[in-house]
């Protein structure tokens with residue numbers, strides 16, 4: 001499991017540039033199921049199960065990650081950029097990045113601390129003041145290897161640390177993609193549809209077209225969500241915790257979830273000895289926002305993996321939570337398929 005996750009998290013794939021991630025997923029799935037790619041770039045997979053169920057169930061995870069895109073090149077050879085998705089300026093400062101198809105090494109530059117005034121020290125720099133240094137001495141040299149529109153991603157190699165913890169970039173949502181791959185490669189109790197969506201981080205765009213094409217009766221979105229079980233955060237504001245199981249959402253900023261499915265998740269978890277926890281904050285959003293309003297409406301639930309330092313180059317998850325997410329997603333999918 002770790003090796004495949006390491007592979008997925010090592011592939012750059014910001015929103016709109018998910019091609020290499022999709023190719024990797026197709027390779028991992030192999031001959032286990034039927035795969036097709038829609039015009040927007042979603043990977044849509046059908047896996048035959050033991051029976052054809054009463055209801056069509058769709059499981060979804062997004063392939064894209066947050067990052068940046070080159071906008072202009074300065075006379076001095078520095079790259080100006082725009083964020084792709086929700087990236088906090090604080091996680092950009094001084095970070096190593098990879099640029100373009102050739103994965104050129106670069107760093108997001110900031111003014112050295114000994115040149116910062118006392119007033120500036122109290123402020124977070126504006127994103128517009130930042131730049132990417134790729135070692136070019138001028139515009140002409142930079143233009144030989146970089147162009148406006150080139151993708152930029154954080155550079156951060158996956159590592160294991162502590163007891164069962166994994167640190168990597170793009171765990172949002174390559175961890176969810178891995179859960180779906182594992183299910184596809186297993187023997188399923190009934191037919192299921194899987195979608196690996198594009199452009200979730202910039203407006204849930206891929207999920208909108210994928211849900212319209214598949215036309216499911218039920219959908220389960222497999223995601224990551226903010227775990228704030230860190231120093232200085234009161235327990236009532238920690239949202240969810242690592243190594244406490246799958247996270248079940250009752251509401252976020254894009255979806256008010258189906259109450260019966262929410263209750264069903266906890267009932268199935270209790271019945272099958274699966275670790276789950278509620279998401280105790282109304283924040284964020286995910287592909288469920290597009291899926292649940294598709295066509296005539298889709299009964300939808302999101303099951304998430306708790307993740308510290310979300311939308312940063314150093315996301316942290318617990319390996320055991322992946323197992324718990326996979327178990328509850330399968331239990332929910334089977335129940336919904338035959339409801």
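The values are calculated or read from the model by the stated rules, or taken from the named source; none is laboratory data. This one's a predicted model, so the numbers in the text were calculated from it and none came from an experiment. Neighbour counts run over all protein chains shown; Cβ positions are idealised from the backbone, glycine included.
Worth a mention:
- Qualifying position, being modelled with pLDDT of 90 or more, touching a helix residue (DSSP H, G or I) at 6+ places or on another chain (Cβ under 6 Å), surrounded by 22 or more Cβ atoms within 10 Å (Cβ to Cβ) and closer than 21 Å to residue 16 by Cβ, among 198, 146, 97: 198
- Whichever residue in the stretch 1-15 is in contact (Cβ under 8 Å) with a residue 24 or more places away in the chain and out of contact with any helix residue (DSSP H, G or I) (no Cβ under 9 Å at 6 or more places or on another chain) and, among such residues, is farthest from residue 182 (Cα to Cα): 14
- When the stretch 213-236 is filtered for residues that are assigned to a loop (DSSP other than H, G, I, E, B), in contact with a helix residue (DSSP H, G or I) (Cβ under 8 Å, 6 or more places away or on another chain) and closer than 17 Å to residue 281 by Cα, only 228 remains.
- Among the residues of this structure, residue 228 counts as one that is closer than 30 Å to residue 13 by Cβ, in contact (Cβ under 8 Å) with a residue 40 or more places away in the chain and crowded, with 18+ Cβ neighbours inside 10 Å.
One line per residue, one yes/no per condition, for (1) in contact with a helix residue (DSSP H, G or I) (Cβ under 9 Å, 6 or more places away or on another chain); (2) within 18 Å of residue 321 (Cα to Cα):
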position: 246; (1), (2): yes, yes
position: 254; (1), (2): yes, no
position: 257; (1), (2): yes, no
position: 261; (1), (2): yes, no
position: 270; (1), (2): no, yes
position: 277; (1), (2): no, yes
position: 284; (1), (2): no, no
position: 288; (1), (2): yes, no
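- Residue 254 meets the stated requirement of being assigned by TED's automatic domain parsing to the domain that holds residue 326 and under 17 Å from the mean Cα position of the chain (by Cα).
- Options 200, 187: the member that is in a loop (DSSP other than H, G, I, E, B), in contact (Cβ under 8 Å) with a residue 12 or more places away in the chain, within 16 Å of the chain's Cα centre (by Cα) and in the same structural domain as residue 60 (by TED's automatic domain parsing): 200
- Residue 247 vs. criteria buried (at least 20 other Cβ atoms within 10 Å of the Cβ) and under 29 Å from residue 49 (Cβ atoms): yes
- Residue 260 part of a loop (DSSP other than H, G, I, E, B) and either farther than 16 Å from residue 61 by Cα or over 17 Å from the mean Cα position of the chain (by Cα) (or both): no
- The stretch 157-168: number of residues that are surrounded by 19 or more Cβ atoms within 10 Å (Cβ to Cβ) and either assigned to a helix (DSSP H, G or I) or modelled with pLDDT of 95 or more (or both): 3
- Only one of 161, 212 that is free of Cβ contacts under 8 Å to residues at least 40 places away in the same chain and over 20 Å from the mean Cα position of the chain (by Cα): 161
- Qualifying residue in the stretch 134-156 (condition: in a loop (DSSP other than H, G, I, E, B), in contact (Cβ under 8 Å) with a residue 60 or more places away in the chain and within 20 Å of residue 310 (Cα to Cα)): yes
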